[in-house]
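K.L.:
The structure is given below, and queries will be raised subsequently.
Read-outs throughout are calculated quantities, based only on the coordinates presented, and are distinct from any laboratory measurement. Keep in mind that what you see is a predicted model, and the values were worked out from it rather than measured. Cβ atoms come from the backbone with ideal geometry, glycine included; neighbour counts cover every protein chain shown.
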Amino acid sequence: MINIILFGPPGSGKGTQSRIISDIFGFIHLSTGEILRKYILKKNYMVDKIKSYIDNGLLVPDTITKNIFEKELIYRNNFLNKGFIYDGYPRTLNQAISLDNFLKKNYIGKINYVFFFILKDNFVVDRLYQRSKTSGRSDDKNINIIKNRIIQYDTMSKDIFKYYKQRTFLTEIDANKKIEEITDELKNIIYKLK
Ligand code: AMP
């Protein structure tokens with residue numbers, strides 16, 4: 001089982017690449033943003049609280065996110081698949097440590113590779129604003145909310161970088177390149193992992 005993390009600021013193309021790569025390699029794509037948004041639609045426990053974090057561009061607290069994410073991972077692990085792509089998870093050091101333990105405890109393997117997407121803040125703002133026209137996501141179009149998301153990202157990213165740099169393989173990806181170019185970069189590395 002291969003486990004790959006795509007880490008990067010919002011709007012850096014992690015979701016797009018995750019979908020392409022999962023299709024090519026037969027991986028399951030796990031996006032915590034999508035998982036949380038679906039959870040809210042089901043009118044589940046604590047949805048109002050979760051929604052207010054997302055709507056304000058703040059991270060949902062670790063205990064809540066971890067719980068929802070781990071349940072989804074275990075459920076999806078019942079299906080035949082060659083690996084997982086983690087998109088938007090982990091986003092805190094605490095989540096990263098828990099994920100390592102969780103994979104081990106459930107015999108899902110270990111993190112084989114981390115792709116660290118790099119994109120300057122002004123590009124993040126532009127891209128999210130453009131995306132809001134089709135995504136309909138309210139957290140993509142309000143400049144203050146976007147700024148909050150960038151701050152949240154900047155606060156956590158250095159620790160996450162350091163954590164994985166010491167433990168696994170990590171490559172920085174220039175998120176300004178064309179979609180196809182980035183896919184090729186990822187593909188060339190992932191082929192070698194198989
Ligand atoms: P995304 O779709 O990845 O841009 O995530 C949308 C929002 O969901 C984020 O701004 C957070 O509020 C929340 N979220 C997604 N992933 C996480 C995570 N790993 N930890 C905490 N909150 C998250």
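K.L.:
Among the residues of region 1-31, which ones are closer than 21 Å to Tyr107 by Cα, of a type outside the set (A, V, I, L, M, F, W, C) and in a helix (DSSP H, G or I)?
P.N.:
Passing the criteria: only Ser22.
K.L.:
(1) within 12 Å of the ligand (Cβ to nearest atom); (2) buried (at least 20 other Cβ atoms within 10 Å of the Cβ); (3) aromatic (Phe, Trp, Tyr): which one isn't true of Phe84, the others all being true?
P.N.:
(1)
K.L.:
Something else about it: Would you point out the residue of region 157-179, among those that are outside any helix (DSSP H, G or I) and touching a Leu at 6+ places or on another chain (Cβ under 7 Å), that is farthest from Arg37 (Cα to Cα)?
P.N.:
Asn176
K.L.:
Moving to a separate point now. Which one of these does Asn94 not meet: (1) touching a strand residue (DSSP E or B) at 6+ places or on another chain (Cβ under 9 Å); (2) within 13 Å of the ligand (Cβ to nearest atom); (3) of a type outside the set (D, E, K, R)?
P.N.:
(1)
K.L.:
Let me ask something else. Which of the residues that make up region 126-169 are of a type in the set (A, V, I, L, M, F, W, C) and surrounded by 16 or more Cβ atoms within 10 Å (Cβ to Cβ)? Steps first, please.
P.N.:
Restricting attention to region 126-169, the residues satisfying the condition of being of a type in the set (A, V, I, L, M, F, W, C) are 128, 143, 145-146, 150-151, 156, 160-161, 169.
Leu128, Ile145, Ile146, Ile150, Met156, Ile160 - these are the residues of region 126-169 that are of a type in the set (A, V, I, L, M, F, W, C) and surrounded by 16 or more Cβ atoms within 10 Å (Cβ to Cβ).
K.L.:
Of the conditions (1) surrounded by 19 or more Cβ atoms within 10 Å (Cβ to Cβ); (2) among the aromatic types (Phe, Trp, Tyr); (3) near the ligand (Cβ under 10 Å from one of its atoms), Phe27 satisfies every one except a single condition; which number is it?
P.N.:
Phe27 satisfies all of (1) surrounded by 19 or more Cβ atoms within 10 Å (Cβ to Cβ); (2) among the aromatic types (Phe, Trp, Tyr); (3) near the ligand (Cβ under 10 Å from one of its atoms) except (3).
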